């Protein structure tokens, strides 16, 4: 995702010199080519995320299109006041790019995990939230962010995501992608866990279960229509996210269902109400917290078999 983002922002800057890349120390080296070709469009603020955010808002007020980029906890949490007051309240045309979604920085521990950011960003008015599934979707999401007017939060992994889309596919703001149809249960996933959900669906299909799989690459605005359609047609829904079960995709889906008076049953898979204090490689952490393909498949089977 990181490489796809940088390649896309480079392309976009060639097309539109109003686009600027601003980083908070992290990612400085990987921007070497960008910095060489677009020296006036690149600023490394160092470890000064709040300053970077306010400066970006000021630049946007003068017609620039700034993309601010660094590790999610140091951007969303540390500069939250500036994101709220300088960007969202003023409806500034700033693109907030966070990397290391969920447990991606697995070996760096809970200070670098990003399991609360969707909850924090969802509550802010005037912001669009994009959570692509792989590198191809990252390119589409970055291009969309550049052309949208107003604040955008682009939530990315790192650089080791699996391929979900082999060919081209549609990417429409606020429209979930149906990756597979089914009628026994619906899985709703976002971000890099779309691939794990896809692998789980293959295992479940081999066991005779009919599973619908939706990719929610847009968290805000949410695709209410697909949620309610799944509720009517499959009655059971599981949300899957690299985030706390509180405040993210699962909570957003629950809000839609609660207001619809639908009788669908919802199960949320994510990080329970806890910090992830384990240190391990990413695949091991996913399995530890029930987010690997095997654990998703097992949880889905148990859920479907419940009366």
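Bear in mind that the values in this text are calculations on the coordinates, not laboratory data. Quantities reported herein were computed from a predicted structural model and do not represent experimental measurements.
Before moving on, here are some points about what is shown:
- When Rg and the Kirkwood Rh are both derived from Cα coordinates, the Rg/Rh ratio for the range 213-307 amounts to 0.98.
- Beta bridge orientation in the range 177-305: antiparallel %, DSSP, nearest 5: 15
- Estimated Rh, the range 262-307: Kirkwood, alpha-carbon pairs, angstrom: 12.1
- Translational diffusion of the range 148-219, µm² s⁻¹ [Kirkwood Rh, Cα pairs; Stokes-Einstein; 25 °C; 0.890 mPa s]: 182
- Taking only the alpha carbons of the chain, we obtain Rg and Dmax values of 19.0, 62 Å in that order.
- Using the Stokes-Einstein relation with a Kirkwood hydrodynamic radius computed over Cα pairs, the translational diffusion coefficient of the range 185-241 at 20 °C and a viscosity of 1.002 mPa s comes to 185 µm²/s.
- Volume per residue of the convex hull around the Cα atoms, evaluated for the range 2-155, comes out as 97 Å³.
- Per-residue [θ]222 nm for the chain (sum of -39500 (n - 2.57) over DSSP H runs n ≥ 4, rounded to 500): -10500 deg cm²/dmol
- Extent of the range 29-69 along its three principal axes (Cα atoms, max minus min coordinate, largest first): 27, 24, 12 Å.
- What separates the Cα centres of the range 89-159 and the range 236-295 is a distance of 18 Å.
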